[in-house]
Amino acid sequence: MNEIVSCSVIDNIAVVRIDNPPVNAMDRAVRAGLNKTFSELKNRSDIAAVVLACAGRTFVAGADIKEFDTGIRAPSFHEVLQLIEDSPRPVVAAVHGTALGAGTELALACHYRVAQQDARFGLPELSLGIIPGAGGTQRLPRLIPLDRALDMMLSGKPLPAATARELGLADALAAGDVVEGAIAFTRDLIARGADPRRTREQPVKNAEKADAILQEKRAQIAKTMRNRKSPLALLEAVKAATELPFADGLKVESEQSRRLVQAPEARALRHLFFAEREVRKIPAVSSDEKARPVSRVGIVGAGTMGGGIAMCFANANIPVTIVDAAQANLDRGLATIRKNYERSVTRGSLKPDQFEQRMALITPTLDFSALASADLVIEAVFENMALKKDIFGKLDGVARPGAILGTNTSTLDIDEIAAVTRRPQDVIGLHFFSPANVMPLLEIVQARQTAPDVLMTAMDVAKQIKKTGVVAKVCYGFIGNRMMDPYAREAEHCLLEGATPEQVDSALEEFGMAMGILAVFDMAGVDIGHLTRVARKHLLPDDPTFYRCSAMLTECGWLGQKTGRGFYRYDNADRKRTPDPETVEMFWAEGKRLGAARRTPDRQEIQERCFYAMVNEGARLLEEGIALRASDIDVVYTSGYGFPRYHGGPMFYADTIGLKVIRDRILEFGRTFDRQYWTPAPLLELLARNESTFDKWDASRRA
Ligand code: T1G
């Protein structure tokens, strides 16, 4: 077993190496090892300088996030970083991979930094609901301009090495091995008699503009990071850097960090960090299962979804053949793809040569047999079972043996689709979310006969195309849409009782949802949901108020943005929603006719009815085995449905409210509304009675 922190000497240069796989997280063992090593080095007169490097794939990628819940034991970050910064001889950081969080802070405490050309520096702590807690808020603005330092910490976006070099965060770039590059750089320092250059002794760059810069960032936070505490705490710490001596500024940073680390926002974001890695672990698939290679992909259907899915693969440098029955559809589909890429080029997120390279990877054709060489074919045609069955029947004859056949259906029974083929073991659901080239969520739906290696291949493909793949079993709506049903049912029912669409949506948006569900329906088309309910009317509750508002709007042809009115009016070119008194009156009159009690529910009740109905359905999904874990449901909702990450997802949020509170409130709603909707799911009842949580339920199944 390698030493976690080792030291070797080359000539008169000490090379300190951290080796703590998988990402060299700066846990207690690393901190203790650095403490011991640098305590010894400071007394070694034979050492003229030190290079600090990491083994493996990356320089330190942060603190050990698991330690936040167990407590950061001595030696502290500050103790270790101060010891390094106080080193009597120059210390040079050799940075490769992704130096994130404490990794960048460790590099900042060194006197010089040499970066591999493809290395990146980052301070993503805000994505965990905390702020850099190892001096980053105090040292970074002493090396790079204040506004750039704030942008880096507020966005959490990694800084490429070349930019770091331009800004003064890195002193040199290494084209080859970064340790060799750092040693050469260090030799030159020694030859020049260079002293340690302590970051803490540098002045904050353009501190004179601090007030104006902080003011601008405060306004930016108010607009783009509402309801969050960590961004404002970050500004406080950086403000201290511009006004106070280093040691005092460090105290402000530590105080702000302490307040945040156990706050609900940070706990929720830490939960999601691990949940988004847990989703890849599929108990039914043994780790020695081998994924099938996927190097060529076929898409059936050149509509919005088919085109967006094709872009996902082209973006991952995977050739994709897109088939449609009509040339006009292919032309329109390719034109849309081209327009999407052109927009990215205009925005600067895509280079022109990349645009052409990606377009060249997409081959449109009317010839269905062109799919014969694909390793994976994804059907993305209209939501019609007969059409999908026809396509899978044809695919069965055309696709090569071993090819995986995916369907992008969001509502139809995948077992039924698989049954028309002679290879049901190769059939799987791949439910993308519109716009498919943007939304990170991919529901991977395991049909009854889907083979384990097909499931594993789908998870690998998800990672290849940078999607968050979550496994679901077959049921109506899988995980996301199934839980959307009761959530939106309550939103619409509030309208029959006297609430307005604006009251309902603003209650949901004040909770933190990216968009109120009624505005979402107007954007997607009110008729879309209505038609799926008409198609499965025989499965729906016998309740005339059930989604009655969507039905009325569809009957009137008021389908939302595409017709200029739906739950709201959209009279302006910017498609901004405005209240529509006529539809509100129509809903209220219908509610009266159907006997819905006139109640005008307040913000808290709207939130409780919508979210508790969602959570209750989530508990049912867990009981039925449709979702593997409660944390998987949280990933679905924060990746694909605009659920605020700082609440951790519906199931984590339910745990913070308390399952007993939710169960009791559901029973109260059962006494006020239709009991068929307000019966606590057995799992919710059980956990509430045992004063347990969904998180503990997950843990019990991992054990
Ligand atoms: N702590 C603990 N475990 C971590 C970890 C971390 N910082 N980073 C990764 N892991 C685990 C991860 O759970 C997974 O485990 C395995 O490593 C591979 O990760 C004081 C307070 C570095 C870009 O936010 O962004 O420093 O599932 O699957 O896709 O101011 O990991 O295999 O058991 O993600 O190649 C700041 C978090 C911390 C960086 C690599 N740092 N990590 O991505 O692999 S706060 C971060 C990442 C901080 C200081 C503050 C990514 C990665 P398992 P992976 P990857």
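The values are calculated or read from the model by the stated rules, or taken from the named source; none is laboratory data. Keep in mind it's a predicted model, so treat the numbers as computed, not measured. Using ideal geometry, Cβ is built from the backbone for each residue, glycine included, and neighbour counts are taken over all protein chains shown. Side chains are part of the model used for accessible areas, which takes the heavy atoms of the whole protein and leaves out ligands, DNA and RNA. Shrake-Rupley method; radii C 1.70, N 1.55, O 1.52, S 1.80 Å.
For this structure, a couple of remarks:
- Full extension of the chain between Glu383 and Leu686 yields a length gain of 105.3 nm, computed as 0.36 nm times the residue separation minus the alpha carbon distance.
- Using a probe radius of 1.4 angstrom, the carbon and sulfur fraction of the accessible surface of segment 297-472 is 55%.
- Net charge dipole, the chain: roughly 480 debye, given to the nearest 20, about the Cα centre with Cβ charges of +1 for Lys and Arg and -1 for Asp and Glu.
- Between helix 327-347 and the chain: long-axis angle, C-alpha atoms, 0 to 90°, nearest 10: 30
- For the pair Arg533 and Arg343, a Förster radius of 35 Å applied to the C-beta separation gives a FRET efficiency near 0.55, rounded to the nearest 0.05.
- Equivalent ellipsoid dimensions for segment 297-472 as semi-axes, Å, which come from the Cα gyration tensor, largest first: 26, 18, 14
- Inter-centroid distance (Cα atoms) of segment 167-219 relative to segment 468-503, Å: 51
- In the calculated pair-distance distribution of segment 481-702, the portion above 32 angstrom amounts to 17 percent of the Cα-Cα pairs.
- Amide H contacts for Arg565 (H built 1.01 Å from N in the peptide plane; partners 5 or more residues away or on another chain; cut-off under 5 Å): Leu559, Gly560, Tyr570.
- Under 17 Å from the Tyr476 label point (7 Å along Cα→beta-carbon), backbone N, segment 607-629: 614, 617-618, 620-621, 624, 626
- Couplings 3J(HN,Hα) of segment 288-300, computed from phi: 8, 5, 9, 6, 7, x, 10, 10, 9, 10, x, 10, 9 Hz, in residue order, whole Hz [Karplus 6.51 cos²θ - 1.76 cosθ + 1.60, θ = phi - 60°; x for Gly and Pro].
- Whether the chain is rounded, prolate or oblate, judged on the alpha carbon gyration tensor where a/c under 1.5 counts as rounded: prolate
- Gain upon complete extension [Glu278, Gln202; 0.36 nm per residue less C-alpha separation]: 23.1 nm
- 5 angstrom amide H check on Ile378, placed H, neighbours 5+ away: Gly298, Ile299, Val300, Gly406
- Between Ala472, Leu376, Phe694, the Cα set farthest toward the positive side of the dipole of the chain (charges on each charged residue's Cβ, about the Cα centre) is that of Leu376.
- Degrees between helix 581-593 axis and first principal axis of the chain (Cα, 0 to 90, nearest 10): 60
- Column: log10 I(q)/I(0), Debye, Cα scatterers of segment 138-228, q = 0.17, 0.23, 0.25 Å⁻¹: -0.86, -1.22, -1.31
- Accessible surface for the chain, divided over its residues, is 42 Å² per residue with a 1.4 Å probe.
- Nitroxide proxy distance, nm - points 7 Å out along Cα→Cβ at Thr679 and Glu243: 6.0
- Packing rank of 119-132, 31-44, where each peptide gets the mean count of other beta carbons within 10 Å, highest leading: 119-132, 31-44
- Nearest-ten-degree value, helix 659-672 long axis tilted from longest Cα axis of the chain: 20
- According to the calculation over all Cα-Cα pairs in segment 228-380, the P(r) per 10 Å bin from zero is 10, 24, 18, 19, 17, 10, 3, 0 %.
- With every protein chain in place, segment 481-702: carbon and sulfur % of accessible area (1.4 Å): 53
- Carbon/sulfur fraction of accessible area - segment 124-206, other protein chains in place, 1.4 Å, %: 49
- Positive-end residue of Tyr570, Val92, Gln607, charge dipole of the chain with Cβ unit charges: Val92
- Given charges at Cβ of Lys, Arg, Asp, Glu: segment 5-261 dipole, positive-most of Ile183, Ala194, Pro21: Pro21
- Mean Cβ count within 10 Å, highest first, over the residues of peptides 59-67, 543-551: 59-67, 543-551
- Relative contact order, percent, segment 473-552 [alpha-carbon distance under 8 Å, six or more residues apart]: 31
- Calculated FRET value between Arg603 and Ala326, using beta carbons and R₀ = 60 Å, to 0.05: 0.80
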